[in-house]
Structure formats: C-alpha cells, structure tokens
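Here's the structure, in structure tokens; my notes come after.
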Amino acid sequence: MRSSRSAPDPLDPGPAGFAHRGLHRGSDFPENSLIAFAAALEAGAGIECDLRLTADNKIVVFHDADAKRMCGSTLRIGKSSWAELGRLRVGERPIPTLESLLELVGGRVPLLLEVKFNNGVWRWAPALKRALRNYSGPYGIMSFHARIPRILKTNLPHVRRGLVIRDRWSAWRRWWTMRLAGPHFLAVETAALGKPWVERARQRMPVYTWTVRNAGQRRQAEVHADAAIWENDGRP
C-alpha cells in the first residue's frame, strides 16, 4: 500500500489489507464475531466491521438491522435494549460490543468501523465518545451516510472519518456527499476501481475498496486502491 499524496496513512494495514467483518468462514467463525476478529489478528490483517446502536445507546458489532440471519431472532437491533440483545448468540458467543472488540485488538492492527443507522444520527457522537475514550490504537469511522462523518468532524475532530461510496451513485450524489462529509479517506465499491473520479480522489486521500472476493479483484485493487477490504479468495 502506498501513502496518500499529502501524508502517510495512519490506517495503513500493510500488505494484509483489511479483513471484511473479520476473518470469517462458516458457522465456526461467523462474521463480526470475536473469534473472526481474533483470526484476523493472527493473520496480521486490519479489521473492518459494522456498528449498530441499540435502543439504549450501546454500540454493538453487527451488520444487519435485525437478528434473524445471524441469530435466528426477530429482534431489531435499533429497537432492542442491550439486555435483550445480550442474550442472543452469534455462533456460540454473544454479540460483540464495540468495547469488547477494542479490548481484543488492543491497538495491534488498524480498524475500519462502519456505522449503520436508520435514524437518530445525533445519538452516535456521545455513544462513540464513551466507547472510544480510552482507546489509543489506530481506527477510522466511516459510513454510507454523509451525516456520520459530518458529526464526527464537529464532535470528534481528532477521529479519522471516511465515506463509503457505491459505484452506481451519480456524479452529483458523489460530489454532494463528499462535500458534506469532508472525509479523510474513501471506501469504494470494487466496480468503481480505475474510474477517473477514483483516481482523482487518490491524489488527495487514501482510497480503500470493498469487497474484494477473488484473485481478479485483488489484482485490480493492488493497482487502483490503497488497501483491499477482502474476504474469502480475495485474501492478499
């Protein structure tokens, strides 16, 4: 991975890239689980994961809006308390909290923390401040929603903030969200790699790419991105 044009990247994961939702495989190493994160640490990879906020403002590491796919439960993450969600299991273990992830990682690898939300954007700043206040390792917080990096810019200005961008977005939407977000880095869909707007963005900031799943995408990421967010056969 090369540095951005202006400065070295403090989230540089090295040649191992970022393991998408941890180094997960099957039911023994479920996505966004502590055992998948431990496997990523053992492989020397950075970690990408998803964050959601419970009804009582606890940050959990979980991708979906509800617990049906991962836990076989109809509970919705944003409408349930941590006491309710804490009884569920991902594989054989509880749903991780952000604090439990930070304790496991202990600053050994950089983290990409993707915020997922449907409403209540202003609840995120105080929740993130509480969870991250004693953590000194490298991390960045990113989201598809430009309002998340925007509130980080105002409320946690020291935090590396990123914008996640889909290839199908119009040029107008890209311009508007990037202007609102004021990101330090981008995470772009693999289908966007090599396009002129991505190459221009790389002159100003690091650009990571998701989700690299095969050797062809990996080769493309090596040329057109600063780091791969990978899983399965996309592993560097």
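The values are calculated or read from the model by the stated rules, or taken from the named source; none is laboratory data. Please read these numbers as outputs of a predicted model, since none were measured by experiment. Here the Cβ positions follow ideal geometry from the backbone for every residue, glycine too, while neighbour counts run over all protein chains shown. Areas reflect the complete protein model, heavy atoms only, side chains present, ligands, DNA and RNA absent. Shrake-Rupley method; radii C 1.70, N 1.55, O 1.52, S 1.80 Å.
Contact order, relative form, for the stretch 1-119: 26 percent (alpha carbon pairs under 8 Å, 6 or more residues apart, mean separation divided by residue count). Please check which bits of the stretch 16-43 a label hung off Glu103 would reach, taking the label as a point 7 Å along Cα-to-C-beta and the cut-off as backbone N under 17 Å. Hits in the stretch 16-43 for Glu103 at 17 Å: 33-38. Between Ala65 and Arg219, the simple label model (points 7 Å from Cα in the Cβ direction) yields a spacing of 3.9 nm.
Among the listed pairs Lys68/Lys129; Lys58/Lys195; Lys79/Lys195, those whose Cα-Cα separation exceeds 31 Å are Lys58/Lys195; Lys79/Lys195. Only Cα pairs under 8 Å and 6+ residues apart enter the sum, and on that basis the relative contact order of the chain stands at 19 percent.
Of all beta bridges that DSSP places with both ends in the stretch 4-140, some 45 percent have antiparallel geometry.
One chain, two ends: Ala55 and Arg93. Fully extended at 0.36 nm per residue, the span grows by 11.6 nm beyond their Cα-Cα distance. Per the Debye calculation on the stretch 37-76 with a single equal scatterer at every Cα and no solvent contribution, log₁₀ I(q)/I(0) for q = 0.14, 0.32 Å⁻¹ amounts to -0.42, -1.03.
Between the residues Pro206, Thr190, Leu156, the greatest Cα displacement towards the positive end of the dipole of the stretch 146-234, with unit charges on the Cβ of Lys, Arg, Asp and Glu, is found for Leu156.
Rounded to the nearest 20, the size of the Cβ-charge dipole of the chain about its Cα centre is 940 debye, with Lys and Arg at +1 and Asp and Glu at -1. For the chain, the calculated P(r), taken from all Cα-Cα distances in 5 Å bins from zero up to the bin holding the longest distance, is 1, 7, 15, 19, 20, 18, 13, 6, 2, 0 percent. Our analysis of the stretch 111-153 gives Rg over Rh at 0.94, with the two radii drawn from alpha carbon positions and Rh computed by the Kirkwood formula.
Translational diffusion coefficient of the stretch 1-119 at 25 °C, 0.890 mPa s, Stokes-Einstein with Kirkwood Rh over Cα pairs, in µm²/s as a whole number. Answer, rounded: 166 µm²/s.
State the percentage of accessible surface on the chain attributable to carbon and sulfur atoms; use a 1.4 Å probe and exclude ligands, DNA and RNA.
Summing carbon and sulfur atoms, their accessible area is 48 percent of the total for the chain.
Dipole of the stretch 99-183 computed with +1 at Lys/Arg Cβ and -1 at Asp/Glu Cβ about the Cα centre; of Ser143, Ala125, Trp172, farthest Cα towards the positive end is Trp172.
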